[in-house]
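*Asks:* Here it is, the structure in full.
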Amino acid sequence: MDEQLQKVFNNVSFSVNANKQTMDLTVLPHGETTPISFHLNYKLVENGEETEIIVEKVASDRIWVDEIVQLWLEKRNFQYRIPQNISRIVKMFLK
């Protein structure tokens, strides 16, 4: 995954506020001179032994990116099952 990100982005920064269940991501795509910032609201859902992260809202600081993300989210479910072997660690940081 790191190699794939490095091909597309010059720089990536990421922060989590577990109390508010938000994430902030800033990326600098190759060829761009200014970074693009994203703000995500998420929730963790536990179903028995499984844990899922659901991204409820995504906003970007660029209008055209924000519009594309909103169109994409209308057609897709932004829900990911966290593998059991790392779910305890993930929950420590996101909950």
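*Asks:* Which lysines, if any, have their Cα less than 16 Å from the Cα of Lys43, not counting same-chain residues under 8 positions apart?
*Replies:* Lys20, Lys57, Lys91, Lys95
*Asks:* Considering only Val58, Ile86, Asn11, whose Cα is most displaced toward the positive end of the charge dipole of segment 1-91, charges sitting on Cβ of Lys, Arg (+1) and Asp, Glu (-1)?
*Replies:* Ile86
*Asks:* Measure nothing but the geometry: give the 0 to 90° angle between the long axis through the Cα atoms of 84-94 and the longest principal axis through the Cα atoms of the chain, rounded to 10°.
*Replies:* The answer is roughly 70 degrees.
*Asks:* Using a 1.4 Å probe on the protein chains only, how many percent of the accessible area of the chain belongs to carbon and sulfur? Could the numbers behind the result be given before it?
*Replies:* On the way: 3790 of 7150 Å².
Carbon-and-sulfur percentage of accessible area, whole number: 53.
*Asks:* Compute the distance in nm between two label points, each set 7 Å from the Cα along the Cα-to-Cβ direction, one at Val90 and one at His39.
*Replies:* That separation, rounded to one decimal, is 2.5 nm.
*Asks:* In degrees, nearest 10, range 0 to 90: what is the angle between the Cα axis of helix 63-75 and the longest Cα principal axis of the chain?
*Replies:* Its long axis makes an angle of about 40 degrees.
*Asks:* For the chain, with equal point scatterers placed on the C-alpha atoms only and solvent neglected, what are the log10 I(q)/I(0) values from the Debye formula at q = 0.15, 0.22, 0.24, 0.25 1/Å, to two decimals?
*Replies:* So the normalised log intensities work out to -0.71, -1.26, -1.31, -1.33.
*Asks:* OK, next. Residues of segment 47-71 with backbone nitrogen within less than 16 Å of a virtual label 7 Å along the Cα-to-Cβ line of Tyr80, please, listed as ranges.
*Replies:* Within reach of a label on Tyr80, which here means backbone N under 16 Å from a point 7 Å along Cα→Cβ, segment 47-71 contributes 51-59.
The values are calculated or read from the model by the stated rules, or taken from the named source; none is laboratory data. Since the model is a prediction, treat every value here as computed from it, not as a measurement. Note that each Cβ is placed from the backbone with ideal geometry, even for glycine, and that neighbours are counted across all protein chains shown. Accessible surface is based on the protein model in full, side chains and every heavy atom, while ligands, DNA and RNA are left aside. Shrake-Rupley method; radii C 1.70, N 1.55, O 1.52, S 1.80 Å.
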